[in-house]
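The values are calculated or read from the model by the stated rules, or taken from the named source; none is laboratory data. The structure presented is a predicted model; accordingly, all values stated were derived computationally and were not measured. Counting neighbours? That spans all protein chains shown, and the Cβs are built from the backbone with ideal geometry, glycine included.
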Amino acid sequence: MKKYKVGLTVGVFDLFHVGHLNLLEKCKAQCEHLIVAVCGDDYVTQIKHKTPVVPEKDRMRIIGALKCVDEVSPITLEEIDDKMLALKRFNFDVLFSGDDWKGSERYNRTEKQFAELGVSIEYLPYTQGVSTSDLKEKMNNGESTK
């Protein structure tokens with residue numbers, strides 16, 4: 001039996017790569033039902049100040065096709081910012097997040113709110129040496145991704 005019943009992770013998942021796959025497989029290994037919330041194009045442009053290469057609907061289709069993903073859904077800017085709204089909508093018992101958020105003011109607050117409800121946050125490490133930003137830079141410079 002897995003540690004959690006329903007898990008949620010949130011991401012952009014632009015230019016899908018092995019780091020994304022590693023993250024999703026680690027999430028699924030800990031929960032029976034994995035929901036992946038995909039950030040919309042508006043989030044990428046307004047908050048990250050970048051332009052997604054792959055449109056939101058295509059990113060959702062790619063994520064939804066993975067065997068480690070049970071459910072895929074768009075997520076609003078408000079739900080990204082306020083994880084209590086995401087909890088209300090998705091009804092998960094664990095939120096999976098990158099370990100770079102651990103100790104941040106926003107996540108410390110969220111941990112306290114979740115603890116009162118019996119909901120956990122699991123921080124997962126990123127795959128070293130691969131990122132969407134690095135891939136974009138290599139492609140712009142005409143470099144190999146090897």
Which of the residues belonging to segment 1-14 are assigned to a strand (DSSP E or B) and either at pLDDT below 95 or buried (at least 16 other Cβ atoms within 10 Å of the Cβ) (or both)? Y4, V6, G7, L8, T9, V10, G11
Kindly indicate the residue of segment 63-79 that is among the aliphatic types (A, V, I, L, M) and buried (at least 17 other Cβ atoms within 10 Å of the Cβ) and also nearest to L15 (Cα to Cα) among those meeting that condition. I63
Over segment 26-49, the set of residues within 18 Å of F92 (Cβ to Cβ) and of a type outside the set (A, V, I, L, M) is K26, C27, K28, Q30, C31, E32, H33, C39
Filter result (assigned to a loop (DSSP other than H, G, I, E, B) and either at pLDDT below 90 or loosely packed, with under 14 Cβ neighbours inside 10 Å (or both)) within segment 15-52: L15, F16, H17, A29, I47, K48, H49, K50, T51, P52
If only one of V94, V12 is touching a Ser or Thr at 6+ places or on another chain (Cβ under 9 Å) and over 22 Å from Q128 (Cα atoms), which one is it? V94
How many residues of segment 109-146 are modelled with pLDDT of 95 or more, assigned to a helix (DSSP H, G or I) and surrounded by fewer than 12 Cβ atoms within 10 Å (Cβ to Cβ)? The answer is 2
Only residues in segment 79-107 that are over 18 Å from K5 (Cβ atoms) count as the first member; pair them with residues that are among the acidic types (D, E) and in a helix (DSSP H, G or I), Cβ under 8 angstrom, at least 6 apart or cross-chain, and list the lot. L85/E78; L85/E79
Say whether the condition of being closer than 17 Å to C27 by Cα, of a type outside the set (A, V, I, L, M), part of a helix (DSSP H, G or I) and under 15 Å from the mean Cα position of the chain (by Cα) is met by at least one residue in segment 72-80. no
Quickly run through segment 83-103 and pick out the residues that are exposed (fewer than 12 other Cβ atoms within 10 Å of the Cβ) and either aromatic (F, W, Y) or under 14 Å from E122 (Cα atoms) (or both). D99, D100, G103
Pick from segment 81-108 the residues that are assigned to a helix (DSSP H, G or I) and in contact with a strand residue (DSSP E or B) (Cβ under 6 Å, 6 or more places away or on another chain): which of them is modelled with the lowest pLDDT? D99
